[in-house]
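Student: Quick one: this structure, given as structure tokens, is what I'll be asking you about.
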Amino acid sequence: MRTLLVFCLLFLSACAVPLPLIPIDDRSVEPGTQVMRGSETFQLLGTPLKVGDPLPSVVLFNRNLQAVDLASLQGEVLLISVVPSLDTQVCERQTHMLADFTDDQAAQVKRITISRDLPFAQKRFSEELPELGKVYYLSDYAEANFGRATGLLIDQIHLLARAVIVVDRQGIVRYLQVVPTITHLPNLNSGLAFAAQLAKQ
């Protein structure tokens, strides 16, 4: 009984520990350049995406292994959150931030998370955290076509760089932030504000 009490106290005290502060970065680098992880520098591979470009027509997969062409989402304002892997603390926090926007803030904005996690992993992640149900998940696991078509594929580790992309109803990229240090969060508030303004037009 005493052992159980000690375990409960330890568990509750652990829950009371504040989450570590993860820096929110306002800076951005160009796709196809470089990002940092700690003291390491990584090259970004692929064709660099630019503001004013159409969102590439590439096939990704949803949580049910159904193929989805990004071009088919034209007609909606998209707020795309790109993360290296949902199974990391920073990526989980980024996805929470994407889901936490109120309905008023996110009216008529489709919120999407893209990563190279397997669709099964994305499905498990979303089912374990049902509060994130307003986020639409797409996987670039097969051949990294999205990463290569945007200049966001990280050389050596073959994950996606951390980024925020806003796309208008005509499928044109209007906002782009690629976080220089992949252990930092992007400024999702700025991206959402931009997307919400587009949605009003």
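Listed here are the residues, each with its yes/no results for (1) touching a strand residue (DSSP E or B) at 6+ places or on another chain (Cβ under 6 Å); (2) more than 17 Å from Gln177 (Cβ to Cβ).
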{"site": "Leu70", "(1), (2)": "no, yes"}
{"site": "Glu92", "(1), (2)": "no, yes"}
{"site": "Arg111", "(1), (2)": "yes, no"}
{"site": "Arg124", "(1), (2)": "no, yes"}
{"site": "Leu129", "(1), (2)": "no, yes"}
{"site": "Tyr137", "(1), (2)": "yes, yes"}
{"site": "Ala142", "(1), (2)": "no, yes"}
{"site": "Gly151", "(1), (2)": "yes, no"}
{"site": "Asp155", "(1), (2)": "yes, yes"}
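Student: So which of Gln94, Gln105 ends up being crowded, with 20+ Cβ neighbours inside 10 Å and either modelled with pLDDT of 85 or more or outside any strand (DSSP E or B) (or both)?
Tutor: The match here is Gln94.
Student: Within region 66-85, which residues are modelled with pLDDT of 95 or more and over 18 Å from the mean Cα position of the chain (by Cα)?
Tutor: Gln66, Ala67, listed by residue number.
Student: I would also like to ask the following. Taking into account only those residues within region 126-143 that are aliphatic (A, V, I, L, M) and surrounded by fewer than 20 Cβ atoms within 10 Å (Cβ to Cβ), which is modelled with the lowest pLDDT?
Tutor: Here the answer is Leu129.
Student: Then there is this: Looking only at region 177-201, count how many residues are aromatic (Phe, Trp, Tyr) and farther than 23 Å from Gln74 by Cβ.
Tutor: 0
Student: Further, regarding this structure: Select from region 21-54 the residues that are touching a helix residue (DSSP H, G or I) at 6+ places or on another chain (Cβ under 9 Å) and hydrophobic (A, V, I, L, M, F, W, C) and write down the one among them that is surrounded by the fewest Cβ atoms within 10 Å (Cβ to Cβ).
Tutor: Of everything passing the filter in region 21-54, Ile22 is surrounded by the fewest Cβ atoms within 10 Å (Cβ to Cβ).
Student: If Val68 meets every condition in (1) assigned to a strand (DSSP E or B); (2) in contact with a helix residue (DSSP H, G or I) (Cβ under 8 Å, 6 or more places away or on another chain); (3) of a type in the set (A, V, I, L, M) apart from one, which number is that one?
Tutor: It fails just one condition, (2).
Student: Next question, about the same structure. List pairs: first residue in region 58-74 and touching a residue at least 12 places away in the same chain (Cβ under 8 Å) and within 16 Å of Asn145 (Cβ to Cβ), second residue assigned to a loop (DSSP other than H, G, I, E, B) and of a type in the set (Val, Ile, Thr) anywhere in the structure, Cβ distance under 7 angstrom, at least six positions apart or on different chains.
Tutor: Leu70/Val58
Student: Now for a separate question. Sort through Ala121, Ala149 and tell me the only one that's modelled with pLDDT of 95 or more and not acidic (Asp, Glu).
Tutor: Of Ala121, Ala149, the one residue that is modelled with pLDDT of 95 or more and not acidic (Asp, Glu) is Ala149.
Student: Within the bounds of region 159-181, is there any residue that is crowded, with 19+ Cβ neighbours inside 10 Å, touching a Leu at 6+ places or on another chain (Cβ under 8 Å), outside any loop (DSSP other than H, G, I, E, B) and at pLDDT below 95?
Tutor: No: zero hits.
The values are calculated or read from the model by the stated rules, or taken from the named source; none is laboratory data. Just so it is clear, the model here is predicted, and its values are computed rather than measured. Here Cβ is always computed from backbone atoms with ideal geometry, including for glycine, and neighbour counts include all displayed protein chains.
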